[in-house]
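Enquirer: Next up is a structure, given as structure tokens.
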Amino acid sequence: MKKTQTVLIVEDEIALLEVLSDKLKNNGFGVLIAKNGEEGLKLIEHQKPDLVLLDILMPRMDGVTMLRHLRDEMKNKVPVIVLTNLGSTDNAREAKELGADDFLIKADHSLDEVVSKVRSHLK
Amino acid sequence: MLIRYKVILSIVLSLVGLAFTLIVISGLINQIYLATEERNLTTNVLQVTAELNILTSDYLFTRNQATLDQWTETYNSLEPILNRLIFDEKEELVLFDDLKVAKELQKTRFDELVMLLKENDIKTIELTAGVYKEKISQLDQYSQRLAVDAFDLFEQTGIEIRSMLAQAYVVAILAICFLSAIIIFLSGIFYFSLIKPLLNLNDKLRVVAAGDYKTRIDFKTRNELGVVARAFNHMVTELQAQQTEIKSKQQSLIDNQRVLEDQSDAVLNILEDIEEEKMRSDDLAADLKKFKLAADNTSDQVVITDPEGVILYANKSLETISGFAVEDVLGRKVATKELWGGLMEKDFYTQLWNTIKRKKQSFTGLIKNKRKSGEEYYVSATISPILDQKKEVNFFIGIERDVTKEKQIDLAKSEFVSLASHQLRTPLTAINWYMEMLLSSELGDLNSKQKEYAQHAFASNRRMTELVSSLLNVSRLELGTFIIEPKNENIIGIANGVLADLQHLIKIKRLRLVKDYAKNIPKQLKVDKRLLEICFQNLLTNAIKYTPEKGRITFSVEKKNGNIIICVSDTGYGIPRAQQDKIFTKLFRADNIKTVDPDGTGLGLYIVKSIMDHAGGRIWFHSEEKKGTKFYLSFPSTGMRPKKGTKSLD
């Protein structure tokens, strides 16, 4: 049997966090949870998740800052899917430039779609 | 040949003829004179011979010594006469020689007779009468012969003279004929070379004098008259040119006169008008005062410029709105960086001037300016060209209302919508995802009623999410913050992607979808994929929603006159004619589809139109109620127009 793959969800909205983690678990992923960027970085450092689902607007450290740290300072190349409701081009471009692997608008995608994106980036 | 050469030749010829005639005739006269002289001499010879005969008879009868001497003397006088006779003709020479021989013989016979008489006395003579008689008869014979010869000579010279006279006559006639010919020839020369051309010249001069300057003398000769003819032709040409000039001057004089008459008429009219005008001018002055007061004191900024944009008038509100004093801006170019302008993009100003100056239409729009203090402000501006009778721009009049406050409120509204949309989305996403979880069997099956309710909730939430996305897009369109980033894309691929997403809706309504892609569509077109998707999505969703079951939807793309034209046509409900002009208005929905689908937002076409307007494209439609609608999108095949901004549309 294949080793369980772990997804780190960095998201401050508890309602979203809960349903997303349930969905991923139901689909056979291990799930790690962080409520802001700082926590996210620590978890990446210590738990080494296979993929990160990253929100943008968060207290303490937002997603863009966290991504910059991750890529520029930690030189970590873990796949990152930015998952946000901010549909602005600036955010998307910035995230792409910083090395995000995908950019999804939450409201426009179903959970099934999010899971299939996660799968496609883990292959 | 020049006439003078002809005349000289004629004179030389006649002189030669005359000299020849004179020489011939003088020669003849000389010969006639000589012949006459000979005739006289021969006459003398005849007389002398007659005398000698008489003297011979006398001597024979008298035997007188004196008579003998006289005979000898007479005989001797014959010698000089004969010596004077000179003959050149053969016949005459023979006669002459005969004459001389006859003379000698006569002398010899006479001398013999004298001797005979001297030696003998009378008796002896009787004896010798026979000899004597013979001698006398011989003498007679010879004297007779002499006379005959002289007479023959006389006759001969007469014949000679007559023939010479005849020759002289012929020569004279020939000379007269020759001179006559010369005279006729000269007359001919004078007539054909001189008189006829002169008469012709005279005729032409009369024609010219009568005013016909087109006439020319057609002389081909190179003689003196040819020179005259060329001079004549030259003169007539000059005259013609002068005449033409005179005529044109005359015409311009007439025109001037007419203009002067018109002007004097006009002056008279003006004078009349002035009378009337005077009556009206007081009223007008009062009106003008009112208008000036109104313009001066209105709260809108009023600026009047010349066609080049140099400020001629500005009212007091300029100071309140822009902060510049009226006297500082007069004579300066309007809306430059130095004054209150220059904040908008270059394209905007180009379009503005194009509209008012080239198209000569009014321009209305929102313009960002800056006050003298540097503070930015917004005006709602209407700039209109004032045209003269020739449809040329006389002035521009710009009326600007400070809408900064309104704009700020708008901005706040849009920002609010933007933020609210984002904030609304998060709970909507949560509901969406939870409903999705419930409806999936991951957490266990719901009973049928629960499932039905959950589906309703899920669908409603889905619509809510879409509405929020649309509102967000509208706010971005209105804020002007959205970006257009054209890249090389395959437009057919984009269309097929959108159609695939909508396939299940088409299936549910059992519609027939017809795709019609022209072959000349470029594989790569510079378009903003996301914006095009939004446009296709909206038009197709409308077509699907507003077409009854089993209808037909056609999606076509073609390239025509350098434009890419997309057409979405349906066999649906159509747009009522009376409402067609409002179809692109924000939140507007046609009456006939409100009952078919109560949930539409009225934002779709507004968004599509805004996108096409900003991207340099066009949207239009043809629709007939209960028959169907055809929506057309077009943009240049060179691609969409890029636009700077910060946000993309969702």
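Bear in mind these aren't lab numbers, they're just calculated from the coordinates by the rules spelled out. Note that the coordinates shown come from a computational prediction; the quantities given were computed from them, not determined experimentally. Because the Cβ atoms are built from the backbone with ideal geometry, glycine has one as well, and the counts that use them run over all protein chains shown.
Enquirer: Would you please give the FRET efficiency between B:Ala286 and B:Glu624, computed as 1/(1 + (r/R0)^6) with r the Cβ-Cβ distance and R0 = 45 Å, to the nearest 0.05?
Expert: The pair B:Ala286/B:Glu624 has a calculated efficiency of 0.20.
Enquirer: On to the next question. Beyond 34 Å, how much of the Cα-Cα pair distribution for the protein assembly as shown remains, as a whole percent?
Expert: 75
Enquirer: Related question: Before anything else, pin down the relative contact order of segment B:196-340: Cα pairs under 8 Å, at least 6 apart, normalised by residue count, whole percent.
Expert: Relative contact order of segment B:196-340: 11 percent.
Enquirer: Here's a follow-up. Between B:Gln243 and B:Arg63, what is 0.36 nm times their sequence separation minus the Cα-Cα distance? Round to one decimal in nm.
Expert: 52.9 nm
Enquirer: Please name whichever of B:Gln301, B:Ala325, B:Ala286 sits farthest to the positive end of the charge dipole of segment B:286-359, dipole taken about the Cα centre and charges placed at Cβ: Lys and Arg +1, Asp and Glu -1.
Expert: B:Ala286
Enquirer: With a sphere of radius 12 Å drawn around the Cβ of B:Thr67, what net charge do the other residues whose Cβ falls strictly inside it have (Lys, Arg +1; Asp, Glu -1)?
Expert: -3
Enquirer: Also, quick follow-up: How far, in degrees from 0 to 90, does helix B:529-545 lean away from the longest principal axis of the Cα atoms of chain B, to the nearest 10?
Expert: 70
Enquirer: Once chain B is represented by equal point scatterers at the alpha-carbon sites, with solvent omitted, what log10 I(q)/I(0) does the Debye formula produce at q = 0.06, 0.12 Å⁻¹?
Expert: Reported log10 I(q)/I(0), two decimals: -0.72, -1.29.
Enquirer: Take the cross-link list B:Lys609/B:Lys647; B:Lys559/B:Lys582; A:Lys3/A:Lys23; B:Lys582/B:Lys627 and give me the ones stretching past 21 Å between alpha-carbons.
Expert: From B:Lys609/B:Lys647; B:Lys559/B:Lys582; A:Lys3/A:Lys23; B:Lys582/B:Lys627, over 21 Å: B:Lys559/B:Lys582.
Enquirer: Tell me which trypsin sites (Lys or Arg not before Pro) from segment A:12-84 have a DSSP coil assignment and no more than 13 other beta carbons within 10 Å of their own.
Expert: Answer in residue order: A:Arg60, A:Lys75, A:Lys77.
Enquirer: Report the paramagnetic label zone for A:Asp102: residues of segment A:1-42 whose backbone N is under 11 Å from a point 7 Å from Cα along the Cα-to-Cβ axis.
Expert: none
Enquirer: Here is a further query. For a quick check of your reading of the filter: which GluC sites (Glu not before Pro) in segment B:245-334 sit in a DSSP loop and have no more than 14 other Cβ atoms within 10 Å?
Expert: In loop regions of segment B:245-334 (DSSP not H, G, I, E or B), the sparsely surrounded GluC sites (Glu not before Pro) are B:Glu308.
Enquirer: Now for a different question. At 222 nm, what helix-only mean residue ellipticity would the protein assembly as shown give, in deg cm²/dmol to the nearest 500, using -39500 (n - 2.57) for each DSSP H run of four or more?
Expert: It comes out at -20000 deg cm²/dmol, rounded to the nearest 500.
Enquirer: Right, here's the next one. Sort all Cα-Cα distances of segment A:6-122 into consecutive 5 angstrom bins from zero, then give the percent of pairs in each bin up to the one containing the longest distance.
Expert: Percent of Cα pairs in each bin: 2, 12, 26, 28, 22, 9, 2.
Enquirer: Taking the 0 to 90 degree range and rounding to the nearest ten, how far is the long axis of helix B:448-479 tilted relative to the main principal axis of chain B, both from C-alpha atoms?
Expert: Long axis of B:448-479 versus the principal axis of chain B: about 50 degrees.
Enquirer: Can you figure out the FRET efficiency of B:Ser137 with B:Glu79, using R₀ = 22 Å and their beta-carbon distance, to the nearest 0.05?
Expert: The calculated FRET efficiency here is 0.30.
Enquirer: Exactly which GluC sites (Glu not before Pro) in segment B:502-599 are in a DSSP loop and have at most 15 other Cβ atoms within 10 Å?
Expert: B:Glu549
Enquirer: Another one. Exposure proxy check: B:Met164, B:Met640 ranked by fewest other beta carbons within 10 Å?
Expert: Listing B:Met164, B:Met640 from fewest to most nearby Cβ atoms yields B:Met164, B:Met640.
Enquirer: Taking 45 Å as R0, compute the FRET efficiency from the Cβ-Cβ separation of B:Asn354 and B:Val259 and round it to 0.05.
Expert: 0.65
Enquirer: Would you work out the relative contact order for segment A:6-122, in percent, from Cα pairs under 8 angstrom that are 6 or more residues apart?
Expert: In percent, rounded to a whole number, it is 24.
Enquirer: In a shell of Cβ-Cβ distance under 11 Å around B:Val310, excluding B:Val310 itself, what net charge do Lys and Arg (+1) and Asp and Glu (-1) give?
Expert: Once positives and negatives cancel, what remains is 0.
Enquirer: According to a simple spin-label model (label point 7 Å from Cα along Cα-to-Cβ), what is the distance in nm between B:Leu366 and B:Lys100?
Expert: Computed distance between label sites B:Lys100 and B:Leu366 equals 16.3 nm.
Enquirer: Helix B:404-439 versus the longest principal axis of chain B: what angle, 0 to 90°, nearest 10, using Cα atoms?
Expert: Long axis of B:404-439 versus the principal axis of chain B: about 60 degrees.
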